[in-house]
Amino acid sequence: MESQVTKNTFHKSERLSDKTLINKLFTEGNRVITQFPFRVLWQPIKPTHELYRAMVLFVVPKRTFKKSTQRNRIKRQMRELYRLNKNQTHQLLIEKEAAIVLSITYVEKKMTEYKPLSVAYQKLIKKIHTQIEQNL
């Protein structure tokens, strides 16, 4: 089982699609991290899946990007960034024996190339790790 986590995959069970968890995250989730162009809202939950300790929701506002092709491109870039960088977070959550749900929102007003997004995402991951270590 452990070998699947080290693969750079993004399994369906890692996606946050449960309406009750989403509502709970946005109503009770008070842990906000901002690293431009991303804003993360996260909340600890009880571990439900042995393999995947983080469930993720990617948000690109329709108000900012009217065309679905633009929103989908940004979400695709965000999923790719998450997929490539999730192993460190999962290892930390396994060590802490915890699980989290998180929403990653794109807050920039225009589309950005992949390289600057990658740099910002690396900084965001470090902030998430420090918050997890402090709060869990």
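Computed from the coordinates by the stated procedures, all read-outs in this text should not be read as laboratory data. Only a predicted model underlies this, so the values are computations on that prediction, with no experimental measurement involved. A quick note on method: Cβ atoms are made from the backbone with ideal geometry, for glycine too, and the neighbour counts reach across all protein chains shown.
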- For the modelled label position 7 Å from the Cα of M111 along Cα-to-Cβ, which residues of the range 40-84 have backbone nitrogen atoms closer than 14 Å? 65-78
- By the mean-Cβ-within-10 Å protection proxy, highest first, 107-116, 68-77 rank as 68-77, 107-116
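Structure shown: which of K46/K66; K86/K109; K46/K126; K7/K66 lie over 30 Å apart, alpha-carbon to alpha-carbon?
Details: K46/K66 36 Å; K86/K109 26 Å; K46/K126 23 Å; K7/K66 34 Å.
Violating the 30 Å limit, Cα to Cα: K46/K66; K7/K66.
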- Item | Distance between the range 34-90 and the range 99-136 - C-alpha centres, whole angstrom | 8
- Note on the structure: Between K66 and H49, the two model label points (7 Å from Cα along the beta-carbon direction) sit apart by a distance in nm of 3.7
- Item | Translational diffusion coefficient (Stokes-Einstein; Kirkwood radius from C-alpha pairs) of the chain at 4 °C, 1.567 mPa s, in µm²/s | 85
- Item | Under Karplus coefficients 6.51, -1.76 and 1.60, residue-wise ³J(HN,Hα) of the range 13-20 in Hz, glycine/proline x | 6, 7, 7, 8, 10, 6, 4, 5
- Query: Any idea which of N30, T112, V59 is furthest toward the positive side of the dipole for the chain, if Lys and Arg beta-carbons carry +1 and Asp and Glu beta-carbons -1?
  - Reply: T112
- Counting only DSSP beta bridges with both partners in the chain, the antiparallel fraction in percent, to the nearest 5, comes to 65
- Message: Can you compute the label reach from K96? Point 7 Å from Cα along the Cβ direction, backbone N cut-off under 16 Å, restricted to the range 11-31.
- Response: 29-31
- Among T64, T20, T89, which one shows the biggest mean-square fluctuation in a GNM of the chain, springs joining Cα atoms closer than 10 Å? T20
- Item | Charged-residue dipole, Cβ positions (Lys, Arg, Asp, Glu), the chain about Cα centre, Debye nearest 20 | 920
